[in-house]
């Protein structure tokens, strides 16, 4: 009866196979790998189906129909060039019913649970079992941890942190913490670090190794720390601990869980599916469609490889891992609680399509496109590494073709990104070219929603996306973030400025093609909505609705931003080069520009003007705001998120044009039905022409000093908690100039006393006599400057 029902199911799904027809192959959990793979004799595994598909691959179209059920992969399923289809005859692996065929990198355990103590149960596990993650009834449970997890603390580090997470006093209660993990935010909150506990030393201090997961090595945050996988910390519902030495699993079930009936699964595989080809011999024309992907192992301790002078380190891998492919499609697939990256497109890949997918609750990133550093000319990695700009290779573009290009992420729902790691993105591009991200909803991210790590080699397109609730646990970032610390860039801006003045093409040696961001909605409450950070160059930004953090441009060239709206915020020009070629016009900003370290008349770029400023004043410095006006834009219905302007709006006279407010985000009906949308902010009641409160300012020894405000700390490479006093307009031959202080310096200490604001600075300086020693941050490095009073 079961086989008759299965045959009927396959008949409804597509053409009936036969012993002589290899174009259609059938898989069912009730099948057998000794079967012929026909509708009435399905095979039981994808590996068996793959062998049958190879017989016809390329010569005729092949469809592998996968029936409902859970397919526990015994090992990674690897596709090689011999599995390739062709444009005319592709190979398709397709779930009969979307979302009902599950590919699992784990195992199902049949356990005999017995009470232990304090609501904890225990069960014997098979010998030699290594448990990285535990799933109960499909839900990922938490390793025993301190402090305990609190879902309500969404924007708090690790949803619960403690400065004493692995302190000696805490560890005194641990018999043997070996195998535990320390998770800690970066000292500046630029991502995080992870460490494996190796034991305790003779003094009782916890010993550990790791901390290589961030390319800006500055040590862990003193407060934002959490420890897990320590038996003595098993005290909350939903926590577990596995003692591999005694093969015993301990678990404290959540209320209402009947362990005698619960489905218990553990994770084994890092990668469920790999495509292994090369540029010379790629894997081609294979489609995977309609699956659910579960139980991929966490990989945070192998997130070691630094990216090009960004803050990132990565693990090259994911639940799906593609190397050396052309025309691979991943369609309508759900990546459910995978421990690391969802999809990793590695080195040479062309025309990869990820469409209609739901990627959620991933330990690391959703989709990554990452090329080979050896394809880059004069690559540098750590932030402080420097090229001799007089000797760099002046050949534009890549050295090889070993990088992803022409990939697309389209109509996808991506959320819950960075459940384990804290330097992730919904979609990430690094050493890649012409990647499109279209019609995607991306939210609930520990760091950025969409990230571009460098300028190599540009040409990306981001359109009609809805990106919000980002930078939730970190700092100094954006819903969209990019870096451009490419061949031309130097941490000492004057050095690169000198060479670029000689050769204005330098910023475009790597950022060859223009990256476009358009028709999208962004919201970041802990940074910027759009953050084009250090050196990001060659961008067109238009028709973007920014709901919270505004637009930041720093240290790049040829950024054209027009027809954008920044709600309750403005334009943030940080640390601009002279003659940058930037154009910012026909935008609607709320509030005056929030410039930091833009001290010269040549720093304004090519054109910054013709904007409408609502609730602020025009900026007269640097020749800015020619043709700008202060006025009410007359939004149509801001309370409902409709920020189009009415007929007669003064913005229209500046060249502003309305753009659609109802096309942001995912379009696929089943995903759109469950996708969240951002909270629309209440419009601040600015009267036209009102000015914003200025930061505290004073003059000292011929220099202007002031407190930092808002997100200005970012321009100095410090954290918001650290603060400081900013110097600007250091007059020539003044006492401050003679002491060696420069425009753009940040003072954080006076005579070994920390200061965070102008009030503290004044108190300490006024109490001093003779000479003071200032702790100064310059070019994101700490130096000492002695000043005679």
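The values are calculated or read from the model by the stated rules, or taken from the named source; none is laboratory data. Keep in mind it's a predicted model, so treat the numbers as computed, not measured. Virtual Cβ from ideal backbone geometry, glycine too; neighbours counted across all protein chains shown.
Flag: residue 569 matches the condition of being assigned by TED's automatic domain parsing to the domain that holds residue 386, at pLDDT 95 or above, within 29 Å of residue 777 (Cβ to Cβ) and outside any strand (DSSP E or B). Take the conditions closer than 24 Å to residue 743 by Cβ, buried (at least 17 other Cβ atoms within 10 Å of the Cβ), assigned by TED's automatic domain parsing to the domain that holds residue 505 and in contact with a strand residue (DSSP E or B) (Cβ under 6 Å, 6 or more places away or on another chain) and apply them to residue 552. Does it pass? Spelling it out, residue 552 is indeed closer than 24 Å to residue 743 by Cβ, buried (at least 17 other Cβ atoms within 10 Å of the Cβ), assigned by TED's automatic domain parsing to the domain that holds residue 505 and in contact with a strand residue (DSSP E or B) (Cβ under 6 Å, 6 or more places away or on another chain). Looking at 678, 638, just one residue is surrounded by 14 or more Cβ atoms within 10 Å (Cβ to Cβ), over 23 Å from the mean Cα position of the chain (by Cα), closer than 18 Å to residue 550 by Cβ and modelled with pLDDT of 95 or more, and that residue is 638. Does residue 599 count as part of a strand (DSSP E or B), at pLDDT below 95 and within 30 Å of residue 731 (Cα to Cα)? Judged against the criteria, residue 599 is not a match. When the stretch 501-513 is limited to residues that are crowded, with 20+ Cβ neighbours inside 10 Å and outside any loop (DSSP other than H, G, I, E, B), the one that is farthest from the chain's Cα centre (by Cα) turns out to be 506. Would you say residue 255 is at pLDDT below 95 and surrounded by fewer than 16 Cβ atoms within 10 Å (Cβ to Cβ)? Taking the combined requirement at face value, the residue satisfies it. Within the stretch 519-538, the set of residues being touching a strand residue (DSSP E or B) at 6+ places or on another chain (Cβ under 6 Å) and closer than 18 Å to residue 659 by Cβ comprises 519, 521, 522, 523, 529, 530. Looking for something in contact with a helix residue (DSSP H, G or I) (Cβ under 7 Å, 6 or more places away or on another chain) and either closer than 21 Å to residue 347 by Cβ or assigned to a loop (DSSP other than H, G, I, E, B) (or both) - is there at least one such residue anywhere in the stretch 288-307? For the stretch 288-307, residues in contact with a helix residue (DSSP H, G or I) (Cβ under 7 Å, 6 or more places away or on another chain) and either closer than 21 Å to residue 347 by Cβ or assigned to a loop (DSSP other than H, G, I, E, B) (or both): absent. The strands (runs of 3 or more DSSP E) found entirely in the stretch 107-153 that carry 3 or more residues being crowded, with 17+ Cβ neighbours inside 10 Å are 120-124, 134-136. What about residue 485, is it assigned to a loop (DSSP other than H, G, I, E, B), under 14 Å from residue 537 (Cα atoms) and modelled with pLDDT of 95 or more? So residue 485 passes the test. Among the residues making up the stretch 452-478, those that are closer than 17 Å to residue 419 by Cα, at pLDDT 95 or above and crowded, with 24+ Cβ neighbours inside 10 Å are 468, 470, 471. Being out of contact with any strand residue (DSSP E or B) (no Cβ under 6 Å at 6 or more places or on another chain) and surrounded by fewer than 24 Cβ atoms within 10 Å (Cβ to Cβ) is a property that holds for residue 387.
Within the stretch 276-287, being out of contact with any helix residue (DSSP H, G or I) (no Cβ under 7 Å at 6 or more places or on another chain), touching a residue at least 40 places away in the same chain (Cβ under 8 Å) and outside any strand (DSSP E or B) holds for 278, 279. Do we have residue 67 as surrounded by 20 or more Cβ atoms within 10 Å (Cβ to Cβ), at pLDDT 95 or above and under 34 Å from the mean Cα position of the chain (by Cα) here? Spelling it out, it is not the case that residue 67 is surrounded by 20 or more Cβ atoms within 10 Å (Cβ to Cβ), at pLDDT 95 or above and under 34 Å from the mean Cα position of the chain (by Cα).
Residue 423 meets the stated requirement of being touching a strand residue (DSSP E or B) at 6+ places or on another chain (Cβ under 9 Å) and on the phi < 0 side of the Ramachandran plot. Within the stretch 70-84, the set of residues being touching a helix residue (DSSP H, G or I) at 6+ places or on another chain (Cβ under 9 Å) and crowded, with 17+ Cβ neighbours inside 10 Å comprises 71, 73, 77, 79, 83. Could you tell me whether residue 208 is more than 23 Å from the chain's Cα centre (by Cα) and either closer than 30 Å to residue 307 by Cβ or in the same structural domain as residue 469 (by TED's automatic domain parsing) (or both)? Considered against the rule, which asks whether it is more than 23 Å from the chain's Cα centre (by Cα) and either closer than 30 Å to residue 307 by Cβ or in the same structural domain as residue 469 (by TED's automatic domain parsing) (or both), residue 208 comes out as yes. Is it the case that residue 271 is in contact with a strand residue (DSSP E or B) (Cβ under 7 Å, 6 or more places away or on another chain), buried (at least 20 other Cβ atoms within 10 Å of the Cβ) and either without any contact (Cβ under 8 Å) to a residue 24 or more places away in the chain or outside any strand (DSSP E or B) (or both)? Yes; evaluated as a whole, the condition is true for this residue.
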